[in-house]
Amino acid sequence: MRAPFGPAQGRSLPQQESTDVRLGRIVRLLMEHATVVVSGTKIAQEISSNRSEVWRLIQQLRGLGVDVAGHPATGYQLKSVPDLLLPEILVPLLRGTVFETHLHHFYKIGSTNTAAMAAAGQGAVEGAVFLAEEQTAGRGRGDHSWQSARSAGIYCSVVLRPALPPAQVLVLALAAGLAVQAAIAQVDGRVRVDLKWPNDVLIAGKKVCGILTEMNAEATRVRYIVVGIGINVNQASFPKEIEGEATSLRLATGSEWSRVELTAALLKSLDREYRLLVEQAKQPDARASILRRFAEQSSWVRGKQVRVEENGSGVEGITEGLDDQGFLRVRTAQGLRTVLSGTVRQQTSN
Ligand code: BTN
């Protein structure tokens, strides 16, 4: 959701703060031996270190909310599978997708989108994923910030390098919304999710997810795209300024969600949508299929009285579907207008 304070500040390079890979290795080892106590010596061998370093890393994991029993004299045992978005936990769930090979995890970062854009500029591969437990400068559309409390939400950015002209990128952004919707439905089919053009995912009219798509392109060719997805998962409340317009899956359903399960579902459905779009030679109607499904799943695309604002100017009227590039058509008093971007708000007649 958009927080009320101004543009996000801060840029951090991915290398600076990425998670100590030994933490993930320890978690994986403890998960593989979930029913037994694993000695400090064994863990030390696994991470090519010593027992006092293992103790220090275990304390670090505990500080991050991982429930580990034991101490150096007895060894260690996981009490429950941690809901951390560590590559060691996610990769096995992403086999066969474009996202399985280059997962980067951060306990704390400025913005996963900033990190992913910087990495893409330096040659990060298609399918590279940047996940954070917490963002200190999470960015939303229109230079707004994105509330990114630690381990409450999913803060995920992926690097894509589609052979598409820039004009078709909006369709990819719409496909990302469909992917979020499908992922939520896969985890709990009872949740009713609405899509607001172009990139908001709503539950009962409140925003549960925002998508920030950024690209680097030439006139006719995309070099790379970063799709950044923020999902409010287990937040129990929001700051006063945004509580009227934001919700989380936990607030909407009354129970905690597994971020690991939802992230895996998200990346798998994003993989499906992405393949559909880029393998157009095999599926010539892929773009039309995305636009049709988006329009079917959105209560905003047709027949809604709206005001769309972009850079201070506004368009008012009734939505009349998407054009073949995914732009929103609005029937105004002056005729049919095609809206290229902006914030859509419902207008209620007084
Ligand atoms: C919006 O609705 O305004 C878009 C919000 C996008 C937030 C996500 S969280 C992961 C990624 N990193 C960011 O800094 N922003 C996006």
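Using Cα atoms only, what is the angle between the long axis of helix 286-297 and the major principal axis of the chain, expressed in degrees (0 to 90) to the nearest 10? The helix 286-297 is inclined about 90 degrees to the chain. In degrees, nearest 10, range 0 to 90: what is the angle between the Cα axis of helix 112-121 and the longest Cα principal axis of the chain? Result, in degrees: 90. Angle between the Cα long axis of helix 51-63 and the longest principal axis of the chain, 0 to 90 degrees, nearest 10? The two axes meet at around 40 degrees. Computed extension gain for Glu245 through Ser341, at 0.36 nm per residue and net of the alpha carbon distance, reaches 32.5 nm. Between Arg302 and Thr253, the C-beta separation translates, for a Förster distance of 30 Å, into a calculated FRET efficiency of about 0.60.
Between Gln147 and Ala3, the built amide H atoms are under 5 Å apart, and every one of these is 5 or more places off in sequence or on another chain. Spatially close Lys pairs in the chain, defined by Cα atoms under 19 Å apart and a spacing of eight or more places or different chains, total 8. Taking amide H atoms as placed 1.01 Å from N in the peptide plane, the amide H of Tyr224 lies under 5 Å from those of Asn216, each 5 or more residues away in sequence or on another chain.
In nm, what is the difference between 0.36 nm times the number of residues separating Ser289 and Leu93 and their Cα-Cα distance?
My answer for the length gained is 67.9 nm.
Under the convention that each Lys and Arg Cβ holds +1 and each Asp and Glu Cβ holds -1, the size of the dipole of region 208-350 around its Cα centre is about 280 debye. Extending 7 Å from the Cα toward the beta-carbon at both Gln60 and Arg161 defines two label points whose distance is 3.1 nm. Placing a pseudo-label 7 Å from each Cα along the Cα-to-Cβ vector at Asp324 and Glu309 gives an inter-label distance of 3.5 nm.
Solvent exposure of region 47-196 amounts to 37 Å² per residue of accessible area, where only protein heavy atoms count and the probe is 1.4 Å.
Our estimate of slack between Ser49 and Ala217, defined as 0.36 nm per intervening residue step minus the Cα-Cα distance, is 56.0 nm. Amide H to amide H distances under 5 Å link Thr247 with Lys207, Val208, where only residues 5 or more positions off or on other chains count and H is placed in the peptide plane. How many percent of Cα pairs in region 282-340 exceed 14 Å? For region 282-340, the share of Cα pairs beyond 14 Å comes to 55 percent. Normalised by residue number, the volume inside the convex hull of the Cα atoms of the chain is 151 Å³ per residue.
A simple spin-label model places pseudo-atoms 7 Å from Cα toward Cβ; at Glu32 and Val191 they are separated by 3.2 nm.
The values are calculated or read from the model by the stated rules, or taken from the named source; none is laboratory data. These numbers come from a predicted model, not from an experiment. Cβ sites come from the backbone with ideal geometry, for glycine too, and all protein chains shown count toward neighbours. Only protein heavy atoms, including side chains, enter the accessible area calculation; ligands, DNA and RNA are left aside. Shrake-Rupley method; radii C 1.70, N 1.55, O 1.52, S 1.80 Å.
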